[in-house]
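Worksheet: the structure to be examined is printed underneath.
Bear in mind these aren't lab numbers, they're just calculated from the coordinates by the rules spelled out. None of the values given here were measured: they were computed from a predicted structure. Please note: Cβ atoms are built from the backbone with ideal geometry, for glycine as well, and neighbour counts cover all protein chains shown.
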Amino acid sequence: MPRYVIERELGDITDDQLQQAAESSMRIRESDFPEIDWEHSHVVRVDGGLKSFCIYTAPNTKAIRDHATAVGIPADQIHEIHTDIIPSELP
């Protein structure tokens with residue numbers, strides 16, 4: 001199944017709001033989008049607040065966008081992952 005990087009502009013939210021959004025995302029994913037797997041997210045601080053880069057496995061980008069809409073979080077950009085390069089696995 002394809003893997004994706006989802007870029008989300010979260011804005012100036014608190015850590016509590018971030019945690020609540022993550023918990024809501026997980027609940028909705030488990031109940032309504034079992035075909036999606038949320039591997040992990042990296043959250044960075046940028047001008048204007050927080051931005052996240054989430055790694056998902058999903059059948060297609062529509063499933064990711066539908067999930068984001070159901071949760072009420074953005075999915076500003078979605079990129080299919082071509083490959084991973086892992087330093088510890090290099091010759």
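Brief remarks follow.
- Residues of segment 33-91 classified as surrounded by fewer than 11 Cβ atoms within 10 Å (Cβ to Cβ) and in contact with a helix residue (DSSP H, G or I) (Cβ under 7 Å, 6 or more places away or on another chain), total: 0
- Looking only at segment 1-32, and only at residues there that are in a strand (DSSP E or B) and not hydroxyl-bearing (Ser, Thr, Tyr), the one that is farthest from His82 (Cα to Cα): Gly11
- Per-region count, segment 48-91, residues in a loop (DSSP other than H, G, I, E, B) and either under 13 Å from Leu10 (Cα atoms) or polar (S, T, N, Q) (or both): 8
- Hits in segment 24-36 (condition: closer than 19 Å to Phe53 by Cβ and without any contact (Cβ under 8 Å) to a residue 24 or more places away in the chain): Met26
- Residue within segment 23-30 that is among the aliphatic types (A, V, I, L, M) and surrounded by 16 or more Cβ atoms within 10 Å (Cβ to Cβ) present: yes
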